[in-house]
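Input: a single structure, listed below in structure tokens.
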Amino acid sequence: MSASHPTPGLIILKAEPEPLQIDLTRMAVVVIDMQNAFVSKGGMFDLSGEDITRGQRIIEPIKGIIRAARARGVRVIYVVHHYSPDLREAGGPDSGYWYGPNLRKYREDPEWKDKFIIRDTWGAEIVKELEPREDKLVVVKPRYSAFFGTNLDAILKSFNIKYLAFVGVATNICVEAAIRDACYLDYFPILILDATASAGPEFTQEATIFNVKLCFGWVTTSQNIIKAIEPGKKNPRV
């Protein structure tokens, strides 16, 4: 959907591979996995040697996007990855998913018990800086994609949502998985590149950015999206 012929009442988002027209009444910000296990000191990612400073750096851009979205009436949906204490959602020994390194560490190392993503533990909680308000919309997922085994699609359709701005972690795993599914389900996915953080080598962030621009949606910055949606702000020139 190009912005070459803007429609009255729609905002124009400066993005790649091309500008995008967005109806703000049909937009949501989707916050992926901003949980202690992935972002905080002493959490699962930190214990496994992952660079958690990347996740910590995106907290402020996410906060800015959430503030702007709420001021304009744009819905904010939090997605969190939770397991039961017996890890039933991981499929058990008959599932390849069961043998991932993080699941293995949880089963073998008692130190991980409160640092993992078991519901009602510290690791599973959303970081304090981004704690949802009382009117929060929180979707709990059992696997990487926010759409797999959840009611996210039904929630979005009930609010007539079509445009999804994705922020959170990890860009190359859970964020990209959600963006791919959003594309397949006929949404307009938007990756906010400086409000997402990857796991693994730095090139994994660039790889997802490339994939999204090539096949799955649009890529923009937190500054661009805030300028586009904030009340009283002039839309960026395109």
Item to check | Cβ pairs under 6 Å, 6+ apart, first in the stretch 74-102 and closer than 22 Å to PHE166 by Cα, second part of a helix (DSSP H, G or I) | outcome: VAL74/LEU24; VAL76/ILE66; VAL76/ALA69; HIS82/ALA124
Next on the checklist: Considering only the stretch 152-166, I want to know if a residue exists there that is small (Gly, Ala, Ser), modelled with pLDDT of 95 or more, in contact with a strand residue (DSSP E or B) (Cβ under 9 Å, 6 or more places away or on another chain) and at positive phi.
Outcome noted: no
Checklist outcome for this item: Exactly one of LYS136, LYS128, LYS227, LYS162 is of a type in the set (Lys, Arg), in contact with a helix residue (DSSP H, G or I) (Cβ under 8 Å, 6 or more places away or on another chain) and closer than 21 Å to ARG70 by Cβ, and that one is LYS162
Checklist outcome for this item: Filter the stretch 201-230 for residues that are free of Cβ contacts under 8 Å to residues at least 60 places away in the same chain and among the small types (Gly, Ala, Ser); the one that is nearest to GLU50 (Cα to Cα) is ALA207
Checklist outcome for this item: When ILE225 is run through (1) in contact with a Lys or Arg (Cβ under 8 Å, 6 or more places away or on another chain); (2) closer than 19 Å to LEU20 by Cβ, the failure sits at (1)
Next on the checklist: Tell me which strands (runs of 3 or more DSSP E) are completely within the stretch 10-106 and hold 3 or more residues being farther than 19 Å from ALA146 by Cβ and modelled with pLDDT of 95 or more, or say none if there are none.
Outcome noted: 20-22
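Per-residue answers, yes or no, for (1) out of contact with any Phe, Trp or Tyr (no Cβ under 7 Å at 6 or more places or on another chain); (2) of a type in the set (Phe, Trp, Tyr); (3) surrounded by fewer than 18 Cβ atoms within 10 Å (Cβ to Cβ):
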| residue | (1), (2), (3) |
| --- | --- |
| GLY64 | yes, no, yes |
| ILE77 | yes, no, no |
| VAL80 | yes, no, no |
| ASP114 | no, no, yes |
| ILE117 | no, no, no |
| LEU130 | yes, no, no |
| LYS141 | no, no, no |
Next on the checklist: Anything in the stretch 151-192 that is touching a residue at least 60 places away in the same chain (Cβ under 8 Å) and among the polar types (S, T, N, Q)? List them, or say none.
Outcome noted: ASN160
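The values are calculated or read from the model by the stated rules, or taken from the named source; none is laboratory data. Keep in mind it's a predicted model, so treat the numbers as computed, not measured. Counting neighbours? That spans all protein chains shown, and the Cβs are built from the backbone with ideal geometry, glycine included.
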